[in-house]
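Have a look at the structure below, then the notes.
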Amino acid sequence: MKTKLEYLLQNAIDALKTQGVLDRELTVQIVLERARDAQHGDFATNLAMMLAKPAKSNPRQLAEKIIAALPADRLISKVEIAGPGFINFFLNPDYLFDIVKQIHVAGSTFGLSQSGQGKRVQVEFVSANPTGPLHVGHGRGAAYGSAVADLLAAVGFTVEREYYVNDAGRQMDILATSVWLRYLEECGEVLPFPGNGYRGDYIRDIARSLHQRDGELYRRAAGAVIADLPADEAQGGDKEKHIDALIDRAKTLLGEADYRSVFQVGLDDILADIKDDLAEFGVSYQHWFSERSLMEDDSIPQALQRLDSAGYLYKQDGATWFASSRLGDEKDRVVVRDNGQTTYFASDIAYHMNKLDRGFDQIVNIWGADHHGYIPRVRAAMQALGADETKLKVLLVQFAVLYRGDEKVQMSTRSGEFVTLRQLRNEVGNDACRFFYAMRKSEQHMDFDLKLATSKTNDNPVYYVQYAHARICSVLRQLDEKHRPRDLALGMGHLRSLTESHETELLTALWKYPEVVERAATQFEPHQLITYLRELANQFHSYYNAHQFLVDDDGLCNARLNLICAVKQVFANALGLLKINAPESM
């Protein structure tokens, strides 16, 4: 209905341009909202007030001209002008019934559109360091990013989902060294484990596999490993200096080839686990982009050369700086340290240069909320690279906090004492995970209530929504059990008999679904779809509790069956977009 009204309004605007009331070159953005009060109709627009100034006209008088130019259409029963120039539309009640027919014809494609016009959008999300299994915080980013990408695809964008693999840098060296030290323990060496190493059981598992595969190829004497190292934190030293010295020692004792072998085993094992975990969660990617590839193909020097050619690099204190403060950042940033090593930010600049060079119309980065301060420097880099920084959309995801009863679970990838996404999924199921993760705005904090997520009560929102779908399926099973045939055509011919208030509410809600999908996609807010599903479930359960469906009157019976089957289709479509099951029984 909204799309149809927008089309009619656009026709009216074109007519007024032809008449000379509006300038032919004037760009008009039609904003149409659902009326909050039924007394003001079904939809309202402030179009006349927006165009009054360029049209040099009184808003109410312009509203009259817009109404007069509207093409006749059976969708509209009445149009009124309210207040300073609002145009209120009252829709033909009979038109409500058309939605049942539309849904029956469209089936699983109902709600999809081509408004994105095939524009290419890249969505990069999760991108957790491959230094350990994904935890429940990563899970929220996975569910949110997947839903954002799928919604954009649903409205006609060409979407590429990407995971940026941080397979270079210090954290990966800490991982490799941690694996090697546990491997040495497997070989029988006795040595202290660094306080800043990765301690999870998965490190021992990788080390054990490495030992089973390669024997004692990488064994070095414990004395040689720990000789003359700076003291660790437990001995009153600096844990950062201690782990960095251990990394250097590992590289020296193993040599480049063997160190790379140990490094690769840790990376491959953990990355494979991450891929499996996400695939089991229904999250897929077209591209896994390696940070290391940026170093191997000279992308970083090329990106820095572009910045230098544009006049945004300078030398100071032996380091190379990016003058990002000239482009909105709070201060300038080092891109090459005084020892000649490039910074992580330099890799990020090269990565975004790569994204731009791939020709995406929009780049969507989904980051943890702790990266908020990183946004201005990346935007500055894009401007310095000669790109339109508005191409970049950064969406932040707050950490998910897990509770067991009244006890808050602490998570740390160094201590190994953390709850993984896989553990959470095994406990509450994928459906509850995806629903709860997407239930609030991504930038809002969320507490994940395990007890609620596993309860089979109406208080559990995912259960409540899925139960609505299952209830409709049960009505259809009852129809079969009574050996009563369903007459689709008869039901379509008697839709006007759906006069109960619950039926009108459901019909109105069905009309809203394509609008909700469009809005949730373009505003990057999957929670809007969750809210819609909860409201639709509430309306259906109220209808179910108040009325019988398999009534003696065949016309009314089949009309109601057609209505609830349309509701069932919308539940299936919406849940499908969120990769949540629509069960037929519960």
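The values are calculated or read from the model by the stated rules, or taken from the named source; none is laboratory data. Note that this is a predicted model, so its numbers are computed, not measured. Note: ideal-geometry Cβ built from the backbone for every residue, glycine included; neighbour counts use all protein chains shown. What goes into the accessible areas is simple: the full protein's heavy atoms, side chains included, and nothing from ligands, DNA or RNA. Shrake-Rupley method; radii C 1.70, N 1.55, O 1.52, S 1.80 Å.
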Candidate set from the range 365-392 (those that are out of contact with any helix residue (DSSP H, G or I) (no Cβ under 6 Å at 6 or more places or on another chain), within 25 Å of Gln305 (Cα to Cα) and not in a helix (DSSP H, G or I)); member that is least open to solvent (accessible area, probe 1.4 Å):
Asn365
Show the residue pairs that are 6+ apart or on different chains and have beta-carbon atoms under 8 Å apart, the first residue being within the range 41-55 and over 14 Å from Ala12 (Cα atoms) and open to solvent by 10 Å² or more (accessible area, probe 1.4 Å), the second being outside any strand (DSSP E or B) and among the acidic types (Asp, Glu).
Pro54/Asp23
Does Ala231 meet the test of being part of a helix (DSSP H, G or I) and either within 30 Å of Arg422 (Cβ to Cβ) or at pLDDT 95 or above (or both)?
no
When the range 145-164 is checked residue by residue, the ones that are in contact with a His (Cβ under 9 Å, 6 or more places away or on another chain) and hydroxyl-bearing (Ser, Thr, Tyr) are Tyr163
Residue count for the range 497-538, restricted to those that are assigned to a helix (DSSP H, G or I), at pLDDT 95 or above and of a type in the set (Asp, Glu)
3
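Checking the condition open to solvent by less than 40 Å² (accessible area, probe 1.4 Å), in a loop (DSSP other than H, G, I, E, B) and closer than 30 Å to His135 by Cβ, which residue from Phe360, Phe345 passes? Step through it out loud before you land on a result.
Working: Phe345 fails: in a loop (DSSP other than H, G, I, E, B).
It is Phe360.
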Could you list all residues from the range 254-267 that are among the aliphatic types (A, V, I, L, M) and open to solvent by 50 Å² or more (accessible area, probe 1.4 Å)?
Ala257
Meets criteria (open to solvent by 40 Å² or more (accessible area, probe 1.4 Å), touching a strand residue (DSSP E or B) at 6+ places or on another chain (Cβ under 8 Å) and not hydrophobic (A, V, I, L, M, F, W, C)) for Lys512
yes
Checked the range 281-297 for anything open to solvent by 70 Å² or more (accessible area, probe 1.4 Å) and either at pLDDT below 95 or in contact with a helix residue (DSSP H, G or I) (Cβ under 7 Å, 6 or more places away or on another chain) (or both); matches are Met295, Glu296, Asp297
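Here is a yes/no grid of residues against (1) touching a residue at least 40 places away in the same chain (Cβ under 8 Å); (2) within 19 Å of Gln102 (Cα to Cα); (3) of a type in the set (A, V, I, L, M, F, W, C):
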| position | (1), (2), (3) |
| --- | --- |
| Leu498 | yes, yes, yes |
| His502 | yes, no, no |
| Glu505 | no, yes, no |
| Glu518 | yes, yes, no |
| Leu529 | yes, no, yes |
| Arg534 | yes, no, no |
| Asn558 | yes, yes, no |
| Leu561 | yes, yes, yes |
| Pro583 | yes, no, no |
Which of the following residues is touching a strand residue (DSSP E or B) at 6+ places or on another chain (Cβ under 6 Å), at negative phi, among the β-branched types (Val, Ile, Thr) and surrounded by 13 or more Cβ atoms within 10 Å (Cβ to Cβ): Ile300, Ile274, Ile270?
Ile300
Report yes if some residue within the range 306-321 is of a type in the set (D, E, K, R) and either assigned to a helix (DSSP H, G or I) or open to solvent by less than 20 Å² (accessible area, probe 1.4 Å) (or both); otherwise report no.
yes
From the list Lys251, Lys241, Lys275, which one is under 20 Å from Thr420 (Cβ atoms), at pLDDT 95 or above, part of a helix (DSSP H, G or I) and among the basic types (Lys, Arg)?
Lys275
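Only residues that are touching a residue at least 60 places away in the same chain (Cβ under 8 Å) and either touching a Ser or Thr at 6+ places or on another chain (Cβ under 8 Å) or not β-branched (Val, Ile, Thr) (or both): list them for the range 259-278, please.
We begin by selecting, within the range 259-278, every residue touching a residue at least 60 places away in the same chain (Cβ under 8 Å); these are 259, 262-263, 265-267, 269-271, 273-274, 277-278.
Correct list: Tyr259, Phe263, Val265, Gly266, Leu267, Asp269, Ile270, Leu271, Asp273, Asp277, Leu278.
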In contact with a Gly (Cβ under 7 Å, 6 or more places away or on another chain), open to solvent by 30 Å² or more (accessible area, probe 1.4 Å) and within 28 Å of Gly200 (Cβ to Cβ), is that true of Asn430?
yes
